[in-house]
Amino acid sequence: MERAEAYGFSGAMSGAFLLSCLLFAAVSRRQRGPYMDEVFHVPQAQAYCQGRFLQWDPMITTLPGLYLLSVGVVKPAAWLLGWTGSVVCSVGMLRFINLLFSAGNFYLLYLLLFKIHQKNKAVSGFQRILSALTLAVFPTLYFFTFLYYTDPGSVFFTLFSYLMCLYGNHKTSALLGFCGFMFRQTNIVWTVFCAGNVIAEKLNEAWKIELQKKKDEKISSRKGSFSDLARILQFLVEYLMSPKNLVTLTALTWPYIILVSLFFVFVFINGGIVVGDRSSHEACLHFPQLFYFLSFTGFFSFPHLLTPTKIRKFLLSLRKNPVQYSLITVICLFLIWKFTYVHKYLLADNRHYTFYVWRKVFQRHELVKYLLVPFYIFAGWSFADMLKSKSVFWILMYFVCLLAVTVPQKLLEFRYFILPFLIYRLNIPFLSLYRQLLELAFYILVNAVTLYLFLNRTFQWENSDEVQRFMW
């Protein structure tokens, strides 16, 4: 990092943290007590603060990583500063943990952008700082900086694990992946993703050798055709059938294999992936979740995905491959028809934006969910087009992890999309400075509206005196 870039990054991070502190104070003044899921998280952390480690609220569905870390930070800080009484592990103190995680996420995002795009000499330090700032204030994640939720910590440990993986520190990466798993069980998918990065790199090396042997460069340049995909899958099967290759891959990824094995032991002993209340978190094959994620990504990445050039390229691709797109359309329609699920929370809780998205869009008419298929296909094509600089094995690995982390979820919840979105966004090419500024301005606007609604547009339910607030 050059000196000017170091100063610029320090200034951006300090400014963002100062602004976050001011917003944190505003949220804490308006909402002093626990809100939404905080009514479960805060008492559980406070019980740990008081040494009651055997106490557990059965409504909590995640492992106790957040509470253990909170105690590990707050108790020593309280001892050093001489704090006693109710201020220790108060709502405000516990929420402040996520403010620290938010600053850590900013730094990790910058380091990841630097590492992933280090070969692109055209990218300036200012662009890296700007992209890191933009992702640090990504609206769905940034909002939970000010509440005591698992999201900022979950993202922190997962990004840290990914960074260590990229630097080849796989034992450290697996250990950090375990920390991420302790915050949210589905983060085990991103441990598999880290292992997949290693495997994809080895596969890509072997694939290049294979292409050179056959002197068939056309295969590598036509990633989109089904025939090339069939050849690649055939190569993949042949490579993985070799005991020598399996031994090599195992030697490279053994820390991740141990962690994934421990995960399966946990699932066996626990009787499932969910801790506590399982009635509202049943796994199912909810394939339209992938379409919702693509729409979510299209919305938050429109400066990257929705451009006149991309629209023209998509229409040209549509004209050249009508049979393939017809088949994709039929598959999408079938998946929507047979695998659409509506969670009871989605229909009942009018505090979440997803409630209004579902009511205003999907519930207008039975046919709406089918009429959106062309938009899903365009979003999917744009999504894949932005990843064309990555190897085909990286893309396959990421897509498998994306399916694993989204499809089993019955509830449409934007928080489930945070990590797959960030990893996608980190790996797509940098665009022009104008589009980066447009993306940042859009995120700031969404955050401003979200926080304004949360703080000022309160309402009450019938038969309840509690103040309700809009949120993600």
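The values are calculated or read from the model by the stated rules, or taken from the named source; none is laboratory data. None of these values were measured; they are calculated from a predicted model. As a convention, Cβ positions derive from the backbone with ideal geometry for all residues, glycine included, and neighbour counts pool all protein chains shown. For accessibility, only protein heavy atoms count, side chains too; no ligands or nucleic acids. Shrake-Rupley method; radii C 1.70, N 1.55, O 1.52, S 1.80 Å.
A compact table of results
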{"quantity": "Computed over region 3-92: relative contact order in percent, which uses C-alpha pairs under 8 Å that are six or more apart", "calculated": "28 percent"}
{"quantity": "Three-way shape label, region 282-431, alpha-carbon gyration tensor, a/c 1.5", "calculated": "prolate"}
{"quantity": "Two-site label geometry, Leu318 and Asn204: point separation in nm, points 7 Å out along Cα→Cβ", "calculated": "3.2 nm"}
{"quantity": "Net length gained if the chain between Asp57 and Arg278 were fully extended (0.36 nm per residue, minus Cα distance)", "calculated": "78.3 nm"}
{"quantity": "Accessible surface of region 110-174 [probe 1.4 Å, protein heavy atoms]: carbon and sulfur percent", "calculated": "60 percent"}
{"quantity": "Heavy-atom accessible area per residue - region 400-472, 1.4 Å, Å²", "calculated": "44 Å²"}
{"quantity": "Charge dipole magnitude, Cβ of K and R +1, D and E -1 - the chain, Cα centre, debye nearest 20", "calculated": "1280 debye"}
{"quantity": "Degrees between helix 188-214 axis and first principal axis of the chain (Cα, 0 to 90, nearest 10)", "calculated": "20 degrees"}
{"quantity": "Farthest toward positive dipole pole in the chain [+1 Lys/Arg, -1 Asp/Glu at C-beta], among Ile129, Leu346, Leu285", "calculated": "Ile129"}
{"quantity": "Cross-link pairs beyond the 31 Å C-alpha cut-off, checked among Lys171/Lys410; Lys119/Lys410; Lys115/Lys369; Lys208/Lys313; Lys202/Lys410; Lys313/Lys410", "calculated": "Lys171/Lys410; Lys119/Lys410; Lys115/Lys369; Lys202/Lys410; Lys313/Lys410"}
{"quantity": "Qualifying GluC sites (Glu not before Pro) for region 402-472 [loop in DSSP, other Cβ within 10 Å: at most 10]", "calculated": "Glu462, Glu466"}
{"quantity": "Accessible surface of region 282-431 [probe 1.4 Å, protein heavy atoms]: carbon and sulfur percent", "calculated": "70 percent"}
{"quantity": "Charge dipole magnitude, Cβ of K and R +1, D and E -1 - region 42-169, Cα centre, debye nearest 20", "calculated": "400 debye"}
{"quantity": "Restricting region 314-367 to trypsin sites (Lys or Arg not before Pro) in coil, as DSSP defines it, with at most 14 other Cβ within 10 Å", "calculated": "Arg364"}
{"quantity": "J(HN,Hα) series, region 305-317, from Karplus relation 6.51 cos²θ - 1.76 cosθ + 1.60, nearest Hz, glycine and proline x", "calculated": "9, 10, 10, x, 5, 5, 5, 5, 4, 5, 5, 5, 5"}
{"quantity": "Leu236/Lys338 FRET efficiency (R0 35 Å; Cβ-Cβ; nearest 0.05)", "calculated": "0.75"}
{"quantity": "Using alpha-carbon coordinates, inclination of helix 392-406 to the longest axis of the chain, degrees", "calculated": "40 degrees"}
{"quantity": "Inter-site label distance for Ile258 and Tyr452 at 7 Å from Cα along Cβ, in nm", "calculated": "5.2 nm"}
{"quantity": "Neighbourhood net charge (12 Å Cβ-Cβ; Lys/Arg +1, Asp/Glu -1) for Gly177", "calculated": "+2"}
{"quantity": "Angle between the chain longest axis and helix 243-270 axis [Cα atoms, degrees, rounded to 10]", "calculated": "30 degrees"}
{"quantity": "Relative contact order of the chain, pairs being alpha-carbon contacts under 8 Å that are 6 or more residues apart, as %", "calculated": "20 percent"}
